[in-house]
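> Attaching a single structure in structure tokens format; questions to follow.
Nothing in this text is a laboratory measurement; each read-out follows from the coordinates by a stated rule. Please read these numbers as outputs of a predicted model, since none were measured by experiment. Because the Cβ atoms are built from the backbone with ideal geometry, glycine has one as well, and the counts that use them run over all protein chains shown.
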């Protein structure tokens, strides 16, 4: 919620914020997740929002290289030998 609030403040005029489809999607997900009756739909919407990052990784060869290299380096984070 804080993220959306900051993005709304940073984007002037507000109409410009709502012209971008991704901003509209993010705003809708946050708004729905605040409703107590949203239930499992809110969880699915938050997952869909997080999958945007996965799409970004798939579109950027440099980012794919970084993620792939990180995965191949060895033990996962938090696990010590």
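> With a cut-off of 8 Å between alpha carbons and a minimum separation of six or more residues, what is the relative contact order of the chain in percent?
On the way: 23 pairs, mean separation 12.9, N = 81.
The value is 16 percent.
> Modelled label-to-label distance, residue 25 and residue 72, 7 Å Cα→beta-carbon offset: nm?
3.0 nm
> In addition: Based on other C-beta atoms within 10 Å, arrange 33, 60 from fewest to most. Write out the running numbers ahead of the final one.
Values: 33 15, 60 12.
With the sparsest Cβ surroundings first, the list reads 60, 33.
> Let me make sure I get this right: for the stretch 2-71, a, b and c are the square roots of the gyration tensor eigenvalues over alpha carbons, sorted descending. Under 1.5 in a/c it's rounded, otherwise prolate if a/b > b/c, else oblate. Which is it? Kindly include the intermediate steps, with their values, before the conclusion.
Working: a/c = 2.77, a/b = 1.41, b/c = 1.97.
Taking the square roots of the gyration eigenvalues as a ≥ b ≥ c, the stretch 2-71 is oblate.
> Nearest 10 degrees is fine. How inclined is helix 40-59 to the longest principal axis of the chain, computing both from alpha carbons?
That helix lies at roughly 60 degrees to the long axis.
> As an exercise, use a Förster radius of 30 Å and the Cβ-Cβ distance of residue 35 and residue 9 to find the FRET efficiency, rounded to the nearest 0.05. Write out the running numbers ahead of the final one.
On the way: r = 23 Å, r/R0 = 0.76.
Efficiency computed from Cβ-Cβ geometry: 0.85.
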